[in-house]
1. Could you tell me whether segment 178-221 comes out rounded, prolate or oblate from its Cα gyration tensor? Rule is a ≥ b ≥ c as square roots of the eigenvalues, rounded for a/c under 1.5, then prolate if a/b exceeds b/c, otherwise oblate.
2. Taking the Cα centre of each part, how many Å lie between segment 8-43 and segment 126-167?
3. Roughly speaking, what is the stretch gain from Tyr106 to Phe176, that is 0.36 nm per residue apart minus the C-alpha to C-alpha distance, in nm to one decimal?
4. Using only the Cα atoms of segment 80-141, build the gyration tensor, take square roots of its eigenvalues as a ≥ b ≥ c, and label the shape rounded, prolate or oblate: rounded if a/c is under 1.5, else prolate if a/b is larger than b/c, else oblate.
5. Filter the chymotrypsin sites (Phe, Trp or Tyr not before Pro) in segment 155-214 down to the DSSP loop ones having no more than 15 other Cβ atoms within 10 Å, then list what survives.
6. Compute the acute angle (0 to 90°) between the alpha-carbon long axis of helix 86-97 and the principal axis of greatest extent of the alpha-carbon atoms of the chain; round to the nearest 10°.
7. First check a/c for segment 121-201, with a ≥ b ≥ c the square roots of the eigenvalues of its C-alpha gyration tensor; if it is under 1.5, answer rounded, and if not, answer prolate when a/b is larger than b/c or oblate otherwise.
8. Which GluC sites (Glu not before Pro) from segment 131-161 combine a DSSP loop assignment with at most 14 other Cβ atoms within 10 Å?
Amino acid sequence: MALTFDDLLRRARALPRDGRRAILGIAGSPGAGKSTLAERLVRELNGAGRQEWAAHVPMDGFHLADAELVRLGRRDRKGAPDTFDAAGYAALLGRLREQRDDETVYAPAFERVLEQPVAGALPVPPAARLVVTEGNYLLCGEGAWARVRPLLDEVWFCAPDEDERVRRLVARHVRFGKPYDEAVAWVRRSDERNAALVAATHPSADLVVPASALPEPPADG
């Protein structure tokens, strides 16, 4: 029987046990639908008067700022594993796992219009029983990325139709300011190189989510 979004919802809801917070990771290549899935899960889990039961903390808030990428000579590879603060991301996950009952933890967000991280933009209340985090490199075993997987209760890997993934990725770059030809070139040169790295990590996932279970992105997204 084919996996459905409702199956994913039930599985996510069951992750916190014995009063302990759980952290669910959603991995996948650029444009795979990770954010759409995470946002839909959190929205559904927080329905029916449970507004703070789940929280969404994307990995993308740990992009290095463009000024630092220029200093490091990595600006033209933005999105590659070494263009993130992987150690900082792992440290935040550790803090979320040990969060005290009297504190709110603030996570950074990524502003796509500016293409820059924004510090302290995402509050995670102590009442949250499930934190859903998503990003490309949750299953990467190199360098500081290797600290991430042990902090996650489960990791799901999004596996959409590849042609559709690339189409949506190009459309997203265009929507946030790149001319079409430049968007296509960036996807071919950078995003698809990163996608190959990410795809190789999928055997380490607890669950591979097929296209049939992935929610449709918003009409404008």
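Nothing in this text is a laboratory measurement; each read-out follows from the coordinates by a stated rule. What you see is a predicted model, and the numbers here were worked out from it, not measured in a lab. FYI the Cβ positions are ideal-geometry reconstructions off the backbone, even for glycines, and counts take in every protein chain you see.
1. oblate
2. So the separation of the two Cα centres works out to 9 Å.
3. Numbers: separation 70, 0.36 × 70 = 25.20 nm, distance 2.57 nm.
Gain on extension, Tyr106 to Phe176, equals 22.6 nm.
4. Values: a/c = 2.22, a/b = 1.40, b/c = 1.58.
Oblate, since a/c reaches 1.5 and b/c is not below a/b.
5. Phe176
6. 10 degrees
7. Numbers: a/c = 2.33, a/b = 1.61, b/c = 1.45.
Taking the square roots of the gyration eigenvalues as a ≥ b ≥ c, segment 121-201 is prolate.
8. Glu142
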